[in-house]
1. Being farther than 29 Å from residue A:140 by Cα and surrounded by 13 or more Cβ atoms within 10 Å (Cβ to Cβ) is the filter here, so list the residues in the stretch B:1-17 that pass it.
2. Scanning the stretch A:54-66 for residues that are surrounded by fewer than 24 Cβ atoms within 10 Å (Cβ to Cβ), touching a strand residue (DSSP E or B) at 6+ places or on another chain (Cβ under 7 Å) and in a strand (DSSP E or B), which turns out nearest to the other protein chains (Cβ to nearest Cβ)?
3. Among the residues that make up the stretch B:173-184, is at least one of them assigned to a helix (DSSP H, G or I), free of Cβ contacts under 8 Å to residues at least 24 places away in the same chain and under 14 Å from the mean Cα position of the chain (by Cα)?
4. Would you confirm whether any residue within the stretch B:18-29 is in contact with a strand residue (DSSP E or B) (Cβ under 8 Å, 6 or more places away or on another chain) and without any contact (Cβ under 8 Å) to a residue 40 or more places away in the chain?
5. Mind telling me which of the residues B:98, B:92 ends up being part of a helix (DSSP H, G or I), buried (at least 21 other Cβ atoms within 10 Å of the Cβ), within 11 Å of chain A (Cβ to nearest Cβ) and touching a strand residue (DSSP E or B) at 6+ places or on another chain (Cβ under 7 Å)?
6. Tally time: how many residues in the stretch B:22-40 are within 14 Å of chain A (Cβ to nearest Cβ) and under 18 Å from residue B:152 (Cβ atoms)?
7. Can you pull out the residues in the stretch A:79-107 that are surrounded by fewer than 18 Cβ atoms within 10 Å (Cβ to Cβ), within 29 Å of residue A:33 (Cβ to Cβ) and facing another protein chain (nearest Cβ under 9 Å)?
8. Pick out, from the stretch A:91-187, the helices (runs of 4 or more DSSP H) lying fully within it that include 3 or more residues that are farther than 24 Å from residue A:200 by Cβ.
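The values are calculated or read from the model by the stated rules, or taken from the named source; none is laboratory data. The shown structure was predicted, so the numbers you read here are calculated from the model rather than taken from an experiment. Neighbour counts are summed over all protein chains in view; Cβ atoms, including those assigned to glycine, are modelled from backbone coordinates with ideal geometry.
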């Protein structure tokens, strides 16, 4: 497989999932082209590239299409296999990283969505509580995985850092809109330091959107959602 | 160091049977511990405190949870008889389809059988679409993994065996030979595969257990 074949990423600057392959490509110093999708409007190209899920991100590597953000990250790690590695080398550490990444996608992200877009105050409150519980578990996981080093992956940014870190922008939006602190020196001191290291990392800082920009996006999405809601 | 491999599972669970198939493919000896989900053991709660679910594999005292994560761990630890393909692109495709089965297929298939009224109708329609997608993906291959079973075949165990049992129990005719000839042919190869046939629960007991637990499904 020719590593030198052109790499494109179909994504959107505001999407945490689309950020994941970009970080991975930057870690590997692989050049890529961004094909930016508009919010609320899926291009024919996207629908053709990912007919099953119709979602971003999609990685286009030569004539190959890879879908699902964490699957793309692993693909990038396996194709451009020289250092720095994104996944740990030890099978058990890899399994732990994948377990927590699955937790982020299956539990943490849905709770964040619920806290922001849940219908009614009760739903938003329930989402927020689940987020707080989730962050407590992730704080614990961070302490165990990092073993005193800055990242879940140790000294280097790794798979689980990417899986969770991409949500930091939207986490800050949640903190602002619900007027609460989620990453907190008292409750999640490890994650507070980790978040700073993550956002300052050269592979992240150019692709992490500003909180204010994301707040504008959330207003646009809310308007689109209200406009497309069926009449009562 | 002598290998110590334990698996916490439930006899009627497709998820723990998946892990057993992977272990059998690799010829790994393991101790199986049957869990009572209405009365979870202290060990299970210790080894999977986050989700408190089976299956959990414990290898030399170290626990791993989530069936597809466990299967990849098994593949990386015991390297002979590979479960995932070699090339990164083929591996990405295998992971994609395994995830598709878990995230899209399992819930709608379950609801096709056990839910009622409009919810059931909608589930049946969606399940049919997903089965068509899998039928196309399988094509003329013997298994999703090619000549030999792979990650996707193991992931599809619910379709390979449980769905047939559920169809018998409920009278639902979702996966039939006229609608899905390739998947039906695959099922036949699947349930007769050496690594799989000894790892399936007895069908009559499974039907009995599902009937007792979930009640009569509407026909």
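1. Initial filter on the stretch B:1-17 (farther than 29 Å from residue A:140 by Cα): B:1-2, B:11-14, B:17.
Those that are farther than 29 Å from residue A:140 by Cα and surrounded by 13 or more Cβ atoms within 10 Å (Cβ to Cβ): B:11, B:12, B:13, B:14, B:17.
2. It comes out as A:65.
3. No, because not a single residue in the stretch B:173-184 is assigned to a helix (DSSP H, G or I), free of Cβ contacts under 8 Å to residues at least 24 places away in the same chain and under 14 Å from the mean Cα position of the chain (by Cα).
4. yes
5. B:92
6. First pass over the stretch B:22-40, keeping only residues within 14 Å of chain A (Cβ to nearest Cβ): B:22, B:26, B:28.
Add one more test, that the residue is under 18 Å from residue B:152 (Cβ atoms), and what stays is B:22, B:26.
Summing the residues that are within 14 Å of chain A (Cβ to nearest Cβ) and under 18 Å from residue B:152 (Cβ atoms) in the stretch B:22-40 gives 2.
7. A:81
8. Numbers: elements: A:91-103, A:109-117, A:121-146, A:159-165, A:168-178.
Correct list: A:91-103, A:109-117, A:121-146.
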